[in-house]
Amino acid sequence: MILPGVSDLLNAVDTAHRAKGLLTGNLECGAHLKLRAHRLADRFEFGAFSDDSFNRNDLGPLARARAEAKYNFPFDPSEMFVIGDTPHDIACGKAFGARTVAVATGGYRTKNLVVHEPDFLFEDFSQTSKVLQVFGLA
């Protein structure tokens, strides 16, 4: 099941012609299997995975480098977003200077995520207009 608001966010990013990468602690093959099951595999242009490094905090700079190579454009980490549902995702984004968007759709509730000080925190992405504002897409 695709969680509420996710398709709207992806569509808005596409419409704005912004780059989308997948940064995950999953193995690349596992991540693609999950995405294919929900017809989302073609929505991401680059990525970084646990195959690349067991240290999740190494993945942000790697994803950034892959984006820069693909687009031949220097990406400022402070203008990049890392979305995630765990404290590891928040730490990963902070490690390379990205803005962090935590969403309590996994095993962690907002009260568990807020203590890790994400830049933005949502229960889920169902309040689409608020989510799009965070990304400068509204």
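Here residue 69 meets the list (1) surrounded by 14 or more Cβ atoms within 10 Å (Cβ to Cβ); (2) within 20 Å of residue 14 (Cα to Cα); (3) among the aliphatic types (A, V, I, L, M) almost entirely, failing just condition (1). No other residue among 25, 30 is over 24 Å from residue 137 (Cβ atoms), small (Gly, Ala, Ser) and touching a residue at least 12 places away in the same chain (Cβ under 8 Å) apart from 25.
Within the stretch 107-123, the residues that satisfy the criterion of being on the phi < 0 side of the Ramachandran plot and either among the polar types (S, T, N, Q) or over 14 Å from the mean Cα position of the chain (by Cα) (or both) are 107, 108, 109, 110, 111, 112, 113, 114, 115, 116, 123. Within the stretch 1-19, being over 14 Å from the mean Cα position of the chain (by Cα) and part of a helix (DSSP H, G or I) holds for 8, 11, 12, 14, 15. Selection of the stretch 40-54 for residues being loosely packed, with under 13 Cβ neighbours inside 10 Å and either modelled with pLDDT of 95 or more or within 12 Å of residue 24 (Cβ to Cβ) (or both) yields only 51. Within the stretch 20-57, being assigned to a loop (DSSP other than H, G, I, E, B) and under 20 Å from residue 88 (Cα atoms) holds for 20, 24, 25, 26, 27, 49, 50, 51, 52, 53, 54, 55. Is one or more of the residues making up the stretch 54-68 charged (D, E, K, R), farther than 23 Å from residue 132 by Cα and in contact with a helix residue (DSSP H, G or I) (Cβ under 9 Å, 6 or more places away or on another chain)? Looking for residues that are charged (D, E, K, R), farther than 23 Å from residue 132 by Cα and in contact with a helix residue (DSSP H, G or I) (Cβ under 9 Å, 6 or more places away or on another chain), one finds at least one in the stretch 54-68, hence yes. Among the residues of the stretch 106-130, the ones that are β-branched (Val, Ile, Thr), at pLDDT 95 or above and buried (at least 17 other Cβ atoms within 10 Å of the Cβ) come to 0 in all. Go through the residues of the stretch 60-79 one by one and say whether even a single one is modelled with pLDDT of 95 or more, in contact with a His (Cβ under 6 Å, 6 or more places away or on another chain) and of a type outside the set (A, V, I, L, M). Checked against the condition, which is being modelled with pLDDT of 95 or more, in contact with a His (Cβ under 6 Å, 6 or more places away or on another chain) and of a type outside the set (A, V, I, L, M), the stretch 60-79 yields no hits at all. Pairs linking a residue in the stretch 39-63 that is in contact (Cβ under 8 Å) with a residue 40 or more places away in the chain to a residue that is not in a helix (DSSP H, G or I), with Cβ atoms under 7 Å and 6 or more positions apart or on different chains, are 63/21; 63/23; 63/46; 63/47; 63/48. Might you let me know whether the stretch 87-94 holds any residue that is modelled with pLDDT of 95 or more, within 12 Å of the chain's Cα centre (by Cα) and among the hydrophobic types (A, V, I, L, M, F, W, C)? The answer is yes; a qualifying residue exists. Would you pick out the residues in the stretch 1-33 that are among the hydroxyl-bearing types (Ser, Thr, Tyr) and either within 20 Å of residue 79 (Cα to Cα) or out of contact with any Leu (no Cβ under 9 Å at 6 or more places or on another chain) (or both)? Within the stretch 1-33, 15, 24 meet the criteria.
The values are calculated or read from the model by the stated rules, or taken from the named source; none is laboratory data. Because the structure is a prediction, the values reported are computed rather than measured. Positions of Cβ are backbone-derived with ideal geometry, glycine not excepted, and every protein chain shown enters the neighbour counts.
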